[in-house]
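Here's the structure, in C-alpha cells; my notes come after.
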Amino acid sequence: MARAAALPPSRLSPPTLPLLPLLLLLLRETRAQDVRVRVAAEVRGHLGDTVELPCHLLPPAPEVRVSQVTWLRLDTPEDNQNVAIFHPQYGPSFPRAKPGKERLSFVKPGQSTGSGPGTEVEVRDATLALRGLTVEDEGNYTCEFATFPQGTSRGVTWLRVIAEPQNHAETQEVTLSLEPVPVARCVSAGGRPPARVSWLSPLDGETRESQVSGPVPGTVTVTSRFTLVPLGRADGVKITCRVEHESFKEPVLLPVTLSVRYPPEVSISGYDDNWYIGRSEATLNCDVRSKPEPTGYDWSTTSGVFPASAVAQGPKLIVHSVDKLFNTTFICTVTNAVGTGHAEQVVLVRGSHCRVRVPTAVLPLTSSPRRVPTLQNQESASRSLRSTHLSFGSGGLMATLLKS
C-alpha cells in the first residue's frame with residue numbers, strides 16, 4: 001500500500017485562522033491585568049458618624065467602559081447581598097432595606113458623556129458614604145467593577161465600627177479594716193471594643209474588673225475597682241485610673257484621693273522633764289490624727305486624783321501652778337465617730353528648778369510597763385528614770401524613756 005507523502009509547511013506562510021481567536025484572547029487577558037480596583041483594606045468609623053468606603057478603578061483609561069459598579073455584603077445571611085449599585089445609564093440604586101437609600105450615597109457619581117435620553121455617565125470613583133453608623137454595619141464590603149472588554153475586577157474593605165467610651169473615677173469612703181475592700185472605682189462606659197483600665201498607685205493593692213453591656217447595643221462598660229487593706233496611712237493618698245482605647249490619641253488619666261475613716265491616733269507633747277514645785281504656765285498638748293475629726297477630749301490621771309490647778313481646754317491641759325499632785329500619769333482620751341484612742345504621759349515633779357537637756361529614745365514595750373516611782377524621797381530613782389511617755393493607738397503600745 002502506498003503511503004501519502006506529507007508536505008512540510010513553509011516557514012514563511014502566515015498563521016492559520018484558528019490561531020487568531022487565541023491571540024485575541026491572550027491580548028484581552030493582558031489588558032485585564034492592567035485594570036484593577038483600589039480600595040482600603042480597613043476603614044474605621046465611629047458609632048453614629050458618617051464613614052466613606054473608597055473604591056477607584058485604576059488606571060482611568062478612556063478605552064475602558066464601565067458597565068456597572070456594585071457594592072456587596074458577602075458576610076450576611078440575607079438573600080440580597082447587593083448593598084448599592086451604580087449603572088452608567090440608570091444611576092444609583094440601593095436594593096437592601098438596611099442600610100438603605102436613607103443612609104447610603106455615592107460620593108462622586110461620575111460625569112455625563114453627553115446630553116439627552118440614553119446618556120451614560122463615566123464611573124471611575126465608586127466611593128460609598130454610609131451615614132449614622134450602627135454596630136450592624138460592621139463587616140466586609142466588596143466593591144466590584146464590571147468593565148468591557150476587561151471583565152470584572154473587585155476589592156474588599158473591612159469596615160470596623162468603634163465607639164469612644166465615657167470615663168469617670170471616684171473614691172469609695174471606707175472604715176479602718178483588716179480585710180481588703182474596694183477603696184476606688186473607675187468606670188469606662190459604652191466602649192467598642194472594651195477599654196483597657198489599669199491603676200497607678202504608690203500603695204500595694206489589687207484590681208478587680210467586670211464587664212457588662214453598654215448603653216448602646218454592641219458596646220461594653222468596664223468597671224475596675226482598686227482594693228486594699230484600709231489603714232489610716234492610706235487616707236489622703238492619691239492614685240490614678242488609666243484608661244486606654246483606640247479612639248483616644250493618648251490614655252485618659254483620672255486622679256482619685258483615697259478616703260479612709262479611722263479612730264483617733266493620739267500622742268501627748270509639751271512635757272520637757274523640768275516640772276518643779278511652784279512652776280507656772282506649764283502645758284500638755286493632746287495631738288490627734290483621725291478621720292473624721294474628734295468629737296470629744298477627756299483628761300484624767302491614773303491615780304484618780306486630778307490637780308486643782310490643772311485646767312482642761314479641749315486638746316490642751318493648762319497648768320497654772322505645779323505641786324506634788326502632778327507627780328502622776330496623765331491620760332488624754334479622744335473620741336470620734338469611728339472609735340476612741342488615748343495616750344499617757346508620766347510626769348515627774350522635781351523639788352526645785354533644774355535645767356536639764358536629755359536625749360530621747362523610743363523603744364517598743366513587749367510586756368506591761370512597771371509602775372514608775374515618784375520623786376518623793378527617791379532622788380536615786382530620778383537620776384535613772386526622768387520620765388516615761390506611754391502612747392496607745394492602732395500601732396500598739398510605745399514608751400519614750402528619757403534618761404540623763
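The values are calculated or read from the model by the stated rules, or taken from the named source; none is laboratory data. This is a predicted model, so every value here is computed, not measured. Cβ sites come from the backbone with ideal geometry, for glycine too, and all protein chains shown count toward neighbours.
Tell me which residues, restricted to the range 230-255, are part of a loop (DSSP other than H, G, I, E, B), of a type in the set (D, E, K, R) and over 20 Å from P292 (Cβ atoms).
Listed by number, the residues that qualify are E246, K249, E250.
List, please: which pairs have Cβ atoms under 6 Å, are six or more places apart or on different chains, and start with a residue in the range 22-50 that is part of a helix (DSSP H, G or I) and end with one that is modelled with pLDDT under 95 and small (G, A, S)?
Taking only residues 6 or more apart or on different chains, the pairs are A32/G151.
From the list L57, L74, pick out the single residue that is in a strand (DSSP E or B), within 19 Å of A129 (Cα to Cα) and either assigned by TED's automatic domain parsing to the domain that holds S153 or at pLDDT 95 or above (or both).
When all the criteria are applied, what remains is L57.
Of all residues in the range 236-295 being assigned by TED's automatic domain parsing to the domain that holds Q345 and on the phi > 0 side of the Ramachandran plot, which is farthest from the chain's Cα centre (by Cα)?
Ranking the qualifying residues of the range 236-295, first place goes to G278.
How many residues, within the range 212-224, are surrounded by 15 or more Cβ atoms within 10 Å (Cβ to Cβ) and at pLDDT 95 or above?
7
Could you give me the residue pairs with C-beta distances under 7 Å whose first residue belongs to the range 191-203 and is within 24 Å of R160 (Cβ to Cβ) and surrounded by fewer than 20 Cβ atoms within 10 Å (Cβ to Cβ), whose second residue is among the hydrophobic types (A, V, I, L, M, F, W, C) and modelled with pLDDT of 95 or more wherever it lies, and which are 6+ apart or on separate chains?
Qualifying pairs under 7 Å: P194/V220; P194/V222.
Which one of these is at negative phi and either in the same structural domain as P292 (by TED's automatic domain parsing) or loosely packed, with under 13 Cβ neighbours inside 10 Å (or both): E170, E138?
So the residue among E170, E138 that is at negative phi and either in the same structural domain as P292 (by TED's automatic domain parsing) or loosely packed, with under 13 Cβ neighbours inside 10 Å (or both) is E170.
What number of residues in the range 256-305 are over 30 Å from F326 (Cβ atoms) and assigned to a strand (DSSP E or B)?
6
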